[in-house]
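Below is one structure, written out as structure tokens; comments come after it.
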Amino acid sequence: MKKISTKKGIIIFYVIDFILLAIIAGVISLLPKKNSPKSKDSVILNTKYLSQIDEFQITDLSTGESISLKKNDIFWYGTVNEKNDIEKEKEVFPCDMERLSLLIEDLSEIKKITLLTSSREFHSAYGISSDEGICLQAKQNGNILTYITFGKEDTFKQKIPFKMENQDKIYDAAVPGTYLTTDRSFWCDPYIQPVFITGNQEESERSLRRGRLTEADFSSKEQNPDSILRYTAENGNMTTLYITKQDDTYLIRPSFTAYSTEKQKYFSIFNYSYRISQTTYNGLKK
């Protein structure tokens, strides 16, 4: 029998070793990966509810602040309620439909969601608990159809953890975090002549943009504004601005009049106010 040299023996040993490692690696790759994230394609907001929803309520569970976006027979509008009286609407404003439509579209489109945990024990690590997170409720006639709680955004992955209703499972997905806010200025129609008044995005854009919403007491009928400006949209609806100068800004209380009397009850619900700069004020007078 011919003896194998030491050099050839070493080479054969390495070849056999390589083959064994390749076989082991192949077997491992076929085993179920218990610790790997489980992903699937799904929607966050079930599309079966879309035709039923007439209200979205967004609540910051850590502060208790809440905002509602509601639909009547003509348009969507936003409300901020008193903290101790959810039935009392402290402020009512026209809704920014472009932003609301983008949020609904994003939540109801199919996207990749990844399971982060199935244990309630780890919920707080993702910023989700009874007093943490942002809760989005979809309602119909005041009844909750479904709700989703969102946690702390992972800025590195650009994803937000969330859980559905009372489930223990937490997933994450690419969700526009800026839309998960109770900021009324964010959700209010940005134009001085809102789109629900003009019925035309382009016409509203020509009317200039408002400033941030501000809390002001306009309940007294005796309060005299410094000036009043009126604008009539092409469709006949009217916007009236009651203007009070405060330091280097102007406080605006808008009022809206419908071209038809049957629609006026919808137009009379608003009681919001905002500030504009001197530049915007000069532009309104032109």
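Below, the figures for the structure above:
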read-out: Any hit, the stretch 205-213, residues being in contact with a Pro (Cβ under 9 Å, 6 or more places away or on another chain), in the same structural domain as residue 66 (by the TED database) and of a type outside the set (Ser, Thr, Tyr); value: no
read-out: Qualifying residue in the stretch 89-97 (condition: in the same structural domain as residue 178 (by the TED database) and either farther than 24 Å from residue 269 by Cβ or part of a helix (DSSP H, G or I) (or both)); value: yes
read-out: Strands (runs of 3 or more DSSP E) within the stretch 36-82 that include 1 or more residues loosely packed, with under 12 Cβ neighbours inside 10 Å and of a type outside the set (Phe, Trp, Tyr); value: 38-42, 76-82
read-out: Residue within the stretch 184-192 that is open to solvent by 20 Å² or more (accessible area, probe 1.4 Å) and polar (S, T, N, Q) present; value: no
read-out: Cross-chain or 6+ apart pairs with Cβ under 6 Å, the stretch 235-259 first and more than 19 Å from residue 93 (Cα to Cα), then surrounded by fewer than 17 Cβ atoms within 10 Å (Cβ to Cβ) and of a type in the set (Ser, Thr, Tyr); value: 236/259
read-out: Search result, residues across the stretch 131-152 that are outside any strand (DSSP E or B) and within 17 Å of the chain's Cα centre (by Cα); value: 133, 151, 152
read-out: Hits in the stretch 270-286 - residues which are under 29 Å from the mean Cα position of the chain (by Cα) and surrounded by 15 or more Cβ atoms within 10 Å (Cβ to Cβ); value: 270, 271, 272, 273, 274, 275, 276, 280
read-out: Only listed residue being of a type in the set (S, T, N, Q) and in a strand (DSSP E or B), chosen from 239, 182, 178, 280; value: 239
read-out: Residue in the stretch 131-149 that is touching a Leu at 6+ places or on another chain (Cβ under 7 Å) and open to solvent by 70 Å² or more (accessible area, probe 1.4 Å) present; value: yes
read-out: The stretch 194-210, residues that are within 20 Å of residue 70 (Cα to Cα) and open to solvent by less than 20 Å² (accessible area, probe 1.4 Å); value: 194, 197, 198
read-out: Those residues of the stretch 100-130 which are without any contact (Cβ under 8 Å) to a residue 60 or more places away in the chain and not in a helix (DSSP H, G or I), in sequence order; value: 117, 118, 119, 127, 128
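Residue-by-condition table, conditions (1) modelled with pLDDT under 95; (2) within 20 Å of residue 45 (Cα to Cα):
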site: 100; (1), (2): no, yes
site: 119; (1), (2): yes, no
site: 122; (1), (2): yes, no
site: 133; (1), (2): no, yes
site: 143; (1), (2): no, yes
site: 153; (1), (2): yes, yes
site: 156; (1), (2): yes, no
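The values are calculated or read from the model by the stated rules, or taken from the named source; none is laboratory data. Every value quoted in this text rests on a predicted model; they were computed, and no experiment measured them. Virtual Cβ from ideal backbone geometry, glycine too; neighbours counted across all protein chains shown. Accessible surface areas use protein heavy atoms only, side chains included; no ligands, DNA or RNA. Shrake-Rupley method; radii C 1.70, N 1.55, O 1.52, S 1.80 Å.
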